Protein chains: 2
Amino acid sequence: MSTTKLAVVPPSRISDETLRNFLGYQLKRSFNVIQADLAKTLKPFDLRMLTFTALVFIVDNPGMSQSQLADAMDIERPNLVVIIDELEQRELIVRDRVKTDRRMYALKATLAGKRLCKKAVAADKAHEARLLAGIDKETRKNLMSTLEVLSSHLQNRNEDLT
Amino acid sequence: MSTTKLAVVPPSRISDETLRNFLGYQLKRSFNVIQADLAKTLKPFDLRMLTFTALVFIVDNPGMSQSQLADAMDIERPNLVVIIDELEQRELIVRDRVKTDRRMYALKATLAGKRLCKKAVAADKAHEARLLAGIDKETRKNLMSTLEVLSSHLQNRNEDLT
DNA sequence: CCAAATAGTTACATAACATAACTATTTGTG
DNA sequence: CACAAATAGTTATGTTATGTAACTATTTGG
């Protein structure tokens, strides 16, 4: 049997047995699917995952600062600037100067921002419900609590290091 | 009490209660931490997450094609080209033309590629062990199997749609 | 025989992310 | 009280990941 005959791997025999043991790999596989579907879900609202997350944080925490939001979103402060710029330009949020500390802004959602947020959150809920259809309620619950444990553990580790 | 006094949110009161219910949010939080640490872990090998994943797949599946690898990695084929170019240029892999189908290559790891892969896999294992230290064995096992269920479910859904 | 499909590529655009360096302002210490 | 250090936000820039259009070369199927 010549080696060229075996040169091509049949599709069914592609193995990810090494990678499958890595948490990062499993997270990325799942996250890829969810992220792609979320991009489609948010597109009608002219939102992306980062602008959506920022808006939700601001709606839930009126008066938070840009530094706090960057921390909460786990992104660098310079990268937040364009996100806030975009939400402000669309009149979904406002940057209010803080009288007691003129370096900082208090971020607040406008009425339009709150409304858009509500709709986008509902759409996101539906998108996740669709993706998880076929997984029973008990398993979903276990999934969410397991991920909560994981992300809390990792966040705590991160904070200890800084 | 004037509104300016309440303008600033105390750090301890930032709430992510809306976002915390989203699977995508939880996955992203965890994935952010793992990805940042993995970038540091792979840097001494001059690898990134994508080049590492590609190399592992090729080592485990000698002879696989670029199309198969793109599918396995869930990326678009044009984006695989620079990844394969880089691994080839470093002489970690080779692109062998397939005699029976001159459109395609059979990708194979070189000895140097296999060696680097082995070291990088060990380093990745250690990085994940470090990140998960403090989580007991039973919880880790549950975590991995839960994520396996999730990513299999989502991959199956994706394949059904295409 | 040839249209359709496939494998791989080039070119390009967008978005996410990291870092250096800056201005304006506040804080803390000697 | 003066001022160095720290903080909040910003500009500029580079790197990486990702998506899409259009292309060439080759194979497939009717």
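If you take the Cα atoms of chain B, find Rg, then find the Kirkwood Rh from the mean of 1/r over all pairs, what is Rg/Rh?
Computed over Cα atoms, the ratio is 1.11.
Counting only protein heavy atoms and a 1.4 Å probe, tell me what percentage of the protein assembly as shown's accessible area is made up of carbon and sulfur.
52 percent
Given the DSSP H assignment, sum -39500 (n - 2.57) over each helix run of at least 4 residues in chain B and divide by its residue total; what's the result at 222 nm in deg cm²/dmol, nearest 500?
Here the helix-only value at 222 nm equals -20500 deg cm²/dmol.
Mind putting a number on the dipole of chain B about its Cα centre? Charges go on the C-beta only, +1 for Lys and Arg and -1 for Asp and Glu, and I need it in Debye to the nearest 20.
It comes to approximately 440 debye.
Using 32 Å as the Cα-Cα cut-off, could you pick out the over-long pairs in A:K28/A:K99; A:K119/B:K125; A:K141/B:K137; B:K43/B:K141? Walk me through the numbers before you get to the answer.
Details: A:K28/A:K99 43 Å; A:K119/B:K125 42 Å; A:K141/B:K137 21 Å; B:K43/B:K141 28 Å.
Pairs exceeding the cut-off: A:K28/A:K99; A:K119/B:K125.
Give me the compactness ratio for region B:89-162, meaning the Cα radius of gyration over 2.2 N^0.38 Å.
After normalising by residue count via 2.2 N^0.38 Å, the value is 1.66.
Taking the label point as lying 7 angstrom from Cα along the Cα-to-Cβ axis, what are the distances from A:V82 to the corresponding position in the remaining copies, in ascending order and in nanometres?
From this label point to the equivalent ones elsewhere in the assembly: 1.6 nm.
Tell me, what is the Rg over Rh of the protein assembly as shown, with Rh the Kirkwood radius over Cα pairs?
Numbers: Rg = 22.6 Å, Rh = 22.0 Å.
When Rh is taken as the Kirkwood radius, the ratio is 1.03.
Return the whole-Å distance between the Cα centroid of region B:13-46 and the Cα centroid of region A:55-70.
19 Å
Residues of A:131-140, mean number of Cβ from any other protein chain within 10 Å of their own Cβ, rounded to a whole number? Please report the intermediate quantities before stating the final value.
Numbers: counts 7, 5, 2, 3, 4, 0, 0, 0, 4, 2.
For this peptide, the per-residue mean of nearby foreign Cβ atoms is 3.
Would you kindly state how much longer the chain becomes between A:K119 and A:V82 on full extension, computed as 0.36 nm times their sequence separation minus their alpha carbon distance, in nm to one decimal?
Stretched out fully, the A:K119 to A:V82 stretch lengthens by 11.0 nm.
Under a plain spin-label model, where a point goes 7 Å from the Cα along Cα-to-Cβ, how far apart in nm are A:N21 and B:K141?
Simple spin-label model gives 1.6 nm for this pair.
Considering the Cα positions of region B:14-109, please state its Rg to one decimal place and its Dmax as a whole number of Å.
17.2, 61
Quick check on region B:59-102: what does the Kirkwood estimate of hydrodynamic radius come out to from the alpha carbon pairs, in Å?
11.2 Å
Distances from A:A122 to the same position in the other copies: list them in nm, one decimal, shortest first, using label points 7 Å from Cα along Cα→Cβ.
Nearest to farthest, the other copies are at 5.7 nm.
Distances from B:L111 to the same residue in each other copy, label points 7 Å out along Cα→Cβ, in nm, shortest first?
7.5
Near the amide H of A:M64, under 5 Å away, which other amide H atoms are found, from residues 5 or more places off or on another chain, if H is placed in the peptide plane?
Sorted by chain and number, the residues that satisfy this are A:L107, B:V9.
Which whole number gives the average count of other chain Cβ atoms within 10 Å of the Cβ atoms across peptide B:63-75?
Numbers: counts 8, 8, 5, 0, 1, 6, 2, 0, 2, 5, 5, 5, 1.
Mean shielding count: 4.
How far is the Cα center of region A:87-134 from the Cα center of region B:86-162, in Å?
Measuring centre to centre over Cα atoms gives 37 Å.
How high is the FRET efficiency from B:R90 to A:K99, r the C-beta distance, R0 41 Å, rounded to 0.05?
Taking R0 as 41 Å, the efficiency between B:R90 and A:K99 is 0.10.
The values are calculated or read from the model by the stated rules, or taken from the named source; none is laboratory data. Predicted model, so just to flag it, every value in this text is computed and none were measured. Quick reminder, even Gly has a Cβ in these numbers, built from the backbone with ideal geometry, and neighbours come from all protein chains shown. The protein model used for the area step is the full one, side chains on, heavy atoms only, and it has no ligands, DNA or RNA in it. Shrake-Rupley method; radii C 1.70, N 1.55, O 1.52, S 1.80 Å.
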